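Peer 1: Before we start, here is the structure in question, set down as C-alpha cells.
The values are calculated or read from the model by the stated rules, or taken from the named source; none is laboratory data. Quick caveat: nothing in here was measured; it's all calculated off a predicted structure. All Cβ positions, even for glycine, are placed from backbone atoms using ideal geometry, and neighbour counts span all protein chains on display. Calculation scope for accessible area: heavy atoms of the full protein, side chains included, ligands and nucleic acids excluded. Shrake-Rupley method; radii C 1.70, N 1.55, O 1.52, S 1.80 Å.
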Amino acid sequence: MISLIAFTRRGCRLGESLAKELGGRLWTTERLAPEMGLPSYGNLRDWTEARFTDSRALVFISASGIAVRSIAPFVKDKFTDPAVISVDEAGEFAVPLLSGHVGGANDLARRVAALTGGRAVVSTATDVNGMFAVDQWAKEQGLVLCERAQAKAVSAALLEGRPVAVRSAYPIAGKMPAGLCSEAAEIGICIGPTAAESFCPQTLHLVPGAITLGIGCRRGTEQARLEAALKEFLSGHAIPEKAVRGLASVDLKQDEPGLLALANAHGWPITFFTAGELASETGDFPASPFVERTTGVDNVCQRAAQRAGGHIIIPKTVCQGATFAAAMGQVELNWGDFR
C-alpha cells in the first residue's frame, strides 16, 4: 500500500489526485478531514509508526522537514524501511528521503513528478553520476542481495572508477553497464542459485528469489524441529531465506500441524501433490522403500520440489530427520536501462 498524508487544503487536492493515480490512500488533519471527506491521521507519530509496518511507501505532501521529523524515530536501514518521499503542495518537487533504491523511493519520486509536471530531486550518488546501482537492479530483477557490506563496496568501487567483475549462471539480456566487466577484478558480483561460489577477493552474491523447497517429514514432527532442520539446510547450502518463494510436499502432509506452522511462520505458500502426481516426475530421484510404503511414492521432497519449482539445484538432503530438496524456477535477467 502507498500511504499519503497532507496538511492543507491545497495539499489534499493534490493528494487526492496522486492517491487515485498511485492506487494509494490519503489522510489529513482532524480539522480538514470532515471538509475534505478524508480520514484523519490522528496522532502523527502513531500514524507514521503504523505506516512503517503496513505500507511499502509513504508520501508526505508537505515540507521535507515535516517528513524527516516524522520518520526519524522509525528509520532502521534501507533494506527494510519503506520508501519515503516528500512533495510540495504545488507538485513542483518530489524528493526521495528514504530507501531510494531498494525501497523504490527514487522511482516513486520520478513517477510522482511525471504526474504533477514537476521534478524529481534524486541525490543518491550512483544516480547523480549515472552509474549502475546494484541494489536497485537486484530488486528490479527479483534477485536477493546477500551481503549488505559488499553491496556498498560494489557501489564505492564503481564511483571510484574501479572495475567490478560479473559472473552469472544465467544469461543477461542487453548491454552490460559501464564499470562492469567479465574479466577478473578485486571485487565482483556473482549471480547464481546459491551464495556458495566466490570468484573475487570480495564477492557480492545475488540469488534469484525463485526457489521452492520440497520437504518430507515424519508424522507429528513439531515446528521447532522443522525450523532447526530448515536452518541447517539453508545455511549448509548457502541459500538465503528470502530467495525461497514456497514449500511443496505430498498431500498426506496437508494436515500436518508442524509443517503448516512452518510455512505460516515464514509467510510461504505450500503446495501439496498426490503420490501419483509426484511419481509422474521424471529424473534421478534417491528412492526410499520406507517412504514409498508410507506415502505411496519413493521420494517426496525432491519430486515435490521439481514439480512445484522447476529444476533441482540441491537434491534430497537429510537434516535432523526431515528431508529437503531445492528447485529453481525460471530466471530471466536483463540489464534494463542501466548504461
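Peer 1: Looking only at the chain, where both bridge partners belong to it, what percent of the DSSP beta bridges are antiparallel (to the nearest 5)?
Peer 2: Antiparallel bridges make up about 35 percent of those DSSP assigns within the chain.
Peer 1: Hey, what number do you get for the chain at 222 nm if only DSSP H runs of n ≥ 4 count, each worth -39500 (n - 2.57), divided across all residues, to the nearest 500?
Peer 2: That comes out to -10000 deg cm²/dmol.
Peer 1: Rounded, prolate or oblate: which fits the range 263-320, taking a ≥ b ≥ c as square roots of the Cα gyration tensor eigenvalues, rounded meaning a/c under 1.5, else prolate when a/b beats b/c?
Peer 2: rounded
Peer 1: Let me ask another. Determine the shape class of the range 1-118: with a ≥ b ≥ c the square roots of the Cα gyration tensor eigenvalues, call it rounded for a/c under 1.5, and otherwise prolate if a/b is greater than b/c, oblate otherwise.
Peer 2: oblate
Peer 1: Tell me the relative contact order for the range 35-117 as a rounded percent, counting alpha carbon contacts under 8 Å between residues six or more apart. Working shown, then result.
Peer 2: Details: 118 pairs, mean separation 19.7, N = 83.
For the range 35-117, the relative contact order is 24 percent.
Peer 1: Right, next: Show me the trypsin sites (Lys or Arg not before Pro) within the range 118-213 that DSSP assigns to loop and that have at most 16 other Cβ atoms within 10 Å of their Cβ.
Peer 2: Here the sparse-neighbourhood loop sites are LYS175.
Peer 1: Taking the Cα centre as origin and putting +1 on Lys and Arg beta-carbons and -1 on Asp and Glu beta-carbons, what dipole magnitude results for the range 30-89, to the nearest 20 debye?
Peer 2: Dipole of the range 30-89, to the nearest 20 debye: 180 debye.
Peer 1: Separate question: Against the longest principal axis of the chain, how steep is helix 223-236, in degrees 0 to 90 to the nearest 10, with axes from Cα atoms?
Peer 2: Tilt of helix 223-236: around 90 degrees.
Peer 1: Another one. So how far, in whole Å, is the C-alpha centre of the range 260-325 from the one of the range 157-204?
Peer 2: Cα centroid to Cα centroid, the span is 34 Å.
Peer 1: Give me the one-decimal Kirkwood hydrodynamic radius in Å for the chain, with the sum taken over alpha-carbon pairs. Numbers along the way, then the final one.
Peer 2: Values: mean 1/r = 0.0443 Å⁻¹.
Radius from the Kirkwood sum: 22.6 Å.
Peer 1: When the dipole is taken about the Cα centre of the chain, and only Lys, Arg (+1) and Asp, Glu (-1) are charged at their Cβ, what size is it in debye, to the nearest 20? Walk me through the intermediate numbers first.
Peer 2: On the way: 33 positive and 35 negative charges, 92 e Å.
I would put it at about 440 debye.
Peer 1: Mind ordering 100-110, 222-232 by average Cβ neighbours within 10 Å, highest first?
Peer 2: Result, highest mean first: 100-110, 222-232.
Peer 1: Let me ask something else about it. For the range 213-339, would you read off the P(r) tail past 23 Å as a percentage of all alpha carbon pairs?
Peer 2: Of the Cα pairs, 27 percent sit more than 23 Å apart.
Peer 1: Additional query: Above 16 Å lies some portion of the pair distances; for the range 57-153, what is it as a whole percent of all C-alpha pairs?
Peer 2: Numbers: 2601 of 4656 pairs.
Beyond 16 Å sits 56 percent of the P(r) for the range 57-153.
Peer 1: Using only the alpha carbons of the range 119-270, what is the convex hull's orientation-averaged projected area in square nanometres?
Peer 2: Mean projected area for the range 119-270: 11.5 nm², to one decimal.
Peer 1: Please list SER55, SER123, SER40 in order of solvent-accessible area, largest first, computed with a 1.4 Å probe with all protein chains present.
Peer 2: SER123, SER40, SER55
Peer 1: Turning to a different aspect of this structure: Lysines within cross-link reach of LYS139: Cα-Cα under 19 Å, excluding same-chain residues under 8 positions apart?
Peer 2: Leaving aside lysines fewer than 8 places away in the same chain, those within reach of LYS139 are LYS76, LYS78, LYS152, LYS175, LYS242.
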